[in-house]
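Asks: I have a structure here, written as structure tokens, and I will follow up with some questions on it.
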Amino acid sequence: MTSPRPIDALVAEIGSTTTVVSAFEGLAGWPTGTPRLLGQGVAPTSVAQGDVGIGVDAAREALEAATGPLAPALTLATSSAAGGLRMTVHGLTQKMTAMAAREAALGAGGVLEYQTAGRLRDHDLRAIDEVRPGLILLAGGVEGGDAEVVLHNAARLVELEARPIVVYGGNSAAAEEARASLEAAGFRVRVTRNVYPGVDELDIVPARHVIHDAFEEHITHAPGMERIGEWVSGGIMPTPGAVLVAAELLAAELGDLVVVDVGGATTDVHSVTDGSPEIAAIATDPQPHAKRTVEGDLGTYVSARHAAELLPAHERDDVLPPAIPGSTMEEEAAAHLARVAAVTAVERHAGQLVHLYTPKGRQTVARGRDLTACRLVLGTGGALTRLPGGEAILEATRAAAGGGERLLPPADARVALDRDYVFAACGALSRHFEKGAVLALMRASIGQ
């Protein structure tokens, strides 16, 4: 029998439709080693069978059929299966603390199921119980400001039927009182820094880290996911959160960028930018440096019918592709859906110029996310990296020549694909290996 080959890491990316297991070597020896992707195995995700480990084992078997037996020093996972990181967020005001909580949840890779501002009411509690979140993010009050509403909301959460993990990211003056009341009622509570410490000031990165840790605790108890906790030795991250971590690493090296991830169920857009100085001068709302949006109606499989409705009538196909397209016709249908999903998702992610008419005349302001400083648009995920025409799809997400009122990436922004399909894995690997080694993997994948 052949002895297993020692490698640095195996990373399982468990998606809503497919599971990919990737093998990496040369990471631990950085900078003298040469980090590289040794191989990948793919299998259908098996959470519906009651055990996600079936799909992980099948993907690993497919990998080792090509590489031979492997002995990883570290096993990691990212997941968007089993409903992903289902969250609700609650703040004091819609455009301040609730908005900051929403940004923190999405940036961490959360699937946002319900959001409130102000005092929780009976119908809110019923809605939270109905969506059964794995995590609740409780915010409210700037530092030194209101504490009554967030304490009221903590007291109302006690009435829930379920006991999800609660991450507290509100006014620090109320943190211990809120924690005590929730823990006395059987909740597990994690306290982080205020996500909105002052007017027009966001501080959401600490909350993202706490949410990632809480997700790992939650996901190993989700139906069908129990065995993944036995498979990994180094942790589990939400897949979208891992992709955003990877995007931040690349942006620190290459400059402002956008990453588009078209999946079977959703399309995620991640951007890392502070925008252009010209737009910042007329912006009306604060934006985080790293931002993620998720479009639950745009995908190539689970939400294929919704995406198809956005196509012109003459471009709609009767064929809705399977999770893994197997024929040319199925690939072409999936590529059509990927294109409309990517273009629509980036347009929704981007802000726009708005013209207001005031007593002093017309005034132009910028609302939402400014992508005009992003000179790089990257594509990841199975649809963009494995279907034909991925780069052309990304080119269609840029602004038209001459610009426009939508704050899209410029017409001459460079596009590139994560051809090795490693961004999510690299986000997970960055917790355990030198950043330079992980960057080397991503740069090789995009041809840099």
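The values are calculated or read from the model by the stated rules, or taken from the named source; none is laboratory data. Bear in mind that the values here come from a model prediction, so they are computed numbers and not experimental data. Because the Cβ atoms are built from the backbone with ideal geometry, glycine has one as well, and the counts that use them run over all protein chains shown.
Asks: Answer yes or no as to whether Val195 is touching a residue at least 60 places away in the same chain (Cβ under 8 Å) and among the β-branched types (Val, Ile, Thr).
Replies: yes
Asks: Do you know which residues across the range 225-272 are among the aromatic types (Phe, Trp, Tyr) and in a strand (DSSP E or B)?
Replies: Residues of the range 225-272 among the aromatic types (Phe, Trp, Tyr): 231.
If the condition is that a residue be among the aromatic types (Phe, Trp, Tyr) and in a strand (DSSP E or B), then no residue fits.
Asks: Do we find a residue being of a type outside the set (Gly, Ala, Ser), surrounded by fewer than 23 Cβ atoms within 10 Å (Cβ to Cβ) and not in a strand (DSSP E or B) anywhere in the range 12-21? Can you show your working first?
Replies: Within the range 12-21, the first condition is being of a type outside the set (Gly, Ala, Ser), and the residues that meet it are 13-14, 17-21.
Checking which are surrounded by fewer than 23 Cβ atoms within 10 Å (Cβ to Cβ) leaves us with 17-18.
The next check asks that each one be not in a strand (DSSP E or B); those that pass are 17.
Within the range 12-21, one or more residues are of a type outside the set (Gly, Ala, Ser), surrounded by fewer than 23 Cβ atoms within 10 Å (Cβ to Cβ) and not in a strand (DSSP E or B).
Asks: Keeping to the range 58-83, report how many residues are closer than 30 Å to Ala28 by Cα, under 19 Å from the mean Cα position of the chain (by Cα) and of a type in the set (Gly, Ala, Ser).
Replies: The initial filter retains those residues of the range 58-83 that are closer than 30 Å to Ala28 by Cα, namely 58-81.
Narrowing further to those that are under 19 Å from the mean Cα position of the chain (by Cα): 76-81.
Filter once more, keeping what is of a type in the set (Gly, Ala, Ser): 77, 79-81.
Qualifying residue count, the range 58-83: 4.
Asks: For the range 261-276: of the residues being at pLDDT below 95 and either hydroxyl-bearing (Ser, Thr, Tyr) or under 10 Å from Ala290 (Cβ atoms) (or both), which is surrounded by the most Cβ atoms within 10 Å (Cβ to Cβ)?
Replies: Thr267
Asks: What residue, among those in the range 159-178 that are touching a helix residue (DSSP H, G or I) at 6+ places or on another chain (Cβ under 8 Å) and among the charged types (D, E, K, R), is farthest from Thr97 (Cα to Cα)? Outline the logic, then answer.
Replies: Of the residues in the range 159-178, the ones touching a helix residue (DSSP H, G or I) at 6+ places or on another chain (Cβ under 8 Å) are 159-162, 164-171, 174, 177-178.
With among the charged types (D, E, K, R) added as a condition, the list becomes 159, 161, 177.
Details: Glu159: 23, Glu161: 25, Glu177: 19 Å.
Taking the candidates together, the pick is Glu161.
Asks: So, Leu76, is that one out of contact with any Phe, Trp or Tyr (no Cβ under 9 Å at 6 or more places or on another chain), in a loop (DSSP other than H, G, I, E, B) and at pLDDT 95 or above or not? First the steps, then the outcome.
Replies: Values: out of contact with any Phe, Trp or Tyr (no Cβ under 9 Å at 6 or more places or on another chain): yes; in a loop (DSSP other than H, G, I, E, B): no; at pLDDT 95 or above: yes.
Answer is no for this residue.
Asks: Moving to a separate point now. Restricting the range 422-433 to residues that are out of contact with any helix residue (DSSP H, G or I) (no Cβ under 7 Å at 6 or more places or on another chain) and part of a loop (DSSP other than H, G, I, E, B), which is surrounded by the fewest Cβ atoms within 10 Å (Cβ to Cβ)? Quick ask: steps written out before the conclusion?
Replies: To start, the set of residues in the range 422-433 that are out of contact with any helix residue (DSSP H, G or I) (no Cβ under 7 Å at 6 or more places or on another chain) comprises 425, 431-433.
Restricting the remaining residues to those that are part of a loop (DSSP other than H, G, I, E, B) gives 431-433.
On the way: Arg431: 14, His432: 17, Phe433: 20.
Only one residue fits best here, namely Arg431.
Asks: Go through the range 303-401 and tell me which strands (runs of 3 or more DSSP E), entirely inside it, have 1 or more residues that are at pLDDT below 90. Give the steps one after another, and end with the answer.
Replies: Values: elements: 352-358, 361-367, 376-380.
Because the criterion is at least 1 residues that are at pLDDT below 90, the strands (runs of 3 or more DSSP E) in the range 303-401 that meet it are 352-358, 361-367.
Asks: Which of the residues spanning the range 93-133 are over 30 Å from Ala428 (Cα atoms) and of a type in the set (Lys, Arg)?
Replies: Correct list: Lys95, Arg119, Arg121, Arg126.
Asks: Given the criteria in the same structural domain as Val343 (by TED's automatic domain parsing), among the small types (Gly, Ala, Ser) and either closer than 23 Å to Arg419 by Cα or crowded, with 17+ Cβ neighbours inside 10 Å (or both), does Ala246 qualify? Please lay out each step first, then the result.
Replies: Values: in the same structural domain as Val343 (by TED's automatic domain parsing): yes; among the small types (Gly, Ala, Ser): yes; either closer than 23 Å to Arg419 by Cα or crowded, with 17+ Cβ neighbours inside 10 Å (or both): yes.
Considered against the rule, which asks whether it is in the same structural domain as Val343 (by TED's automatic domain parsing), among the small types (Gly, Ala, Ser) and either closer than 23 Å to Arg419 by Cα or crowded, with 17+ Cβ neighbours inside 10 Å (or both), Ala246 comes out as yes.
Asks: Here is a follow-up. Being touching a strand residue (DSSP E or B) at 6+ places or on another chain (Cβ under 6 Å) and assigned to a loop (DSSP other than H, G, I, E, B) is the filter; apply it to the range 402-421 and report the residue that is surrounded by the fewest Cβ atoms within 10 Å (Cβ to Cβ).
Replies: To start, the set of residues in the range 402-421 that are touching a strand residue (DSSP E or B) at 6+ places or on another chain (Cβ under 6 Å) comprises 405-409, 413-418, 420.
Pick out the ones that are also assigned to a loop (DSSP other than H, G, I, E, B) and you get 405, 407-409, 413, 418, 420.
Values: Glu405: 13, Leu407: 25, Leu408: 27, Pro409: 26, Ala413: 22, Asp418: 24, Asp420: 19.
By that ranking, first place goes to Glu405.
Asks: Looking at Leu202, Leu160, Leu151, Leu182, can you tell me which residue is in contact with a Pro (Cβ under 7 Å, 6 or more places away or on another chain) and at pLDDT 90 or above?
Replies: After ruling out the rest, the residue left standing is Leu202.
Asks: Follow-up question, since we're still on this one. Can you name every residue in the range 161-190 that is touching a strand residue (DSSP E or B) at 6+ places or on another chain (Cβ under 6 Å), surrounded by fewer than 17 Cβ atoms within 10 Å (Cβ to Cβ) and farther than 26 Å from Thr239 by Cβ?
Replies: Passing the criteria: only Glu183.
Asks: Now for a separate question. Please pick out the residue among Ala173, Ala117, Ala154 that is under 26 Å from the mean Cα position of the chain (by Cα) and among the aliphatic types (A, V, I, L, M).
Replies: Values: Ala173 fails: under 26 Å from the mean Cα position of the chain (by Cα); Ala154 fails: under 26 Å from the mean Cα position of the chain (by Cα).
The conditions single out Ala117.
Asks: Then there is this: So which residues in the range 133-147 are of a type outside the set (Gly, Ala, Ser) and more than 15 Å from Val89 (Cβ to Cβ), if there are any at all? Lay out the reasoning, then the answer.
Replies: In the first step, residues of the range 133-147 are kept if they are of a type outside the set (Gly, Ala, Ser); the result is 133, 135-138, 142-143, 146.
Residues satisfying the conditions are Val142, Glu143, Asp146.
Asks: Let me ask you something else. Looking at the range 326-364 only, could you name the residues that are surrounded by fewer than 16 Cβ atoms within 10 Å (Cβ to Cβ) and in contact with a His (Cβ under 9 Å, 6 or more places away or on another chain)?
Replies: Correct list: Arg362, Gln363, Thr364.
Asks: Would you tally the residues in the range 105-130 being at pLDDT 95 or above, surrounded by 15 or more Cβ atoms within 10 Å (Cβ to Cβ) and either in a helix (DSSP H, G or I) or not assigned by TED's automatic domain parsing to the domain that holds Ala214 (or both)?
Replies: Matching residues across the range 105-130 total 4.
Asks: Could you check the range 131-147 and list, in sequence order, the residues that are of a type in the set (A, V, I, L, M, F, W, C) and not in a helix (DSSP H, G or I)?
Replies: At the first step, the residues of the range 131-147 found to be of a type in the set (A, V, I, L, M, F, W, C) are 131, 135-139, 142, 147.
Correct list: Leu135, Ile136, Leu137, Leu138, Ala139, Val142, Ala147.
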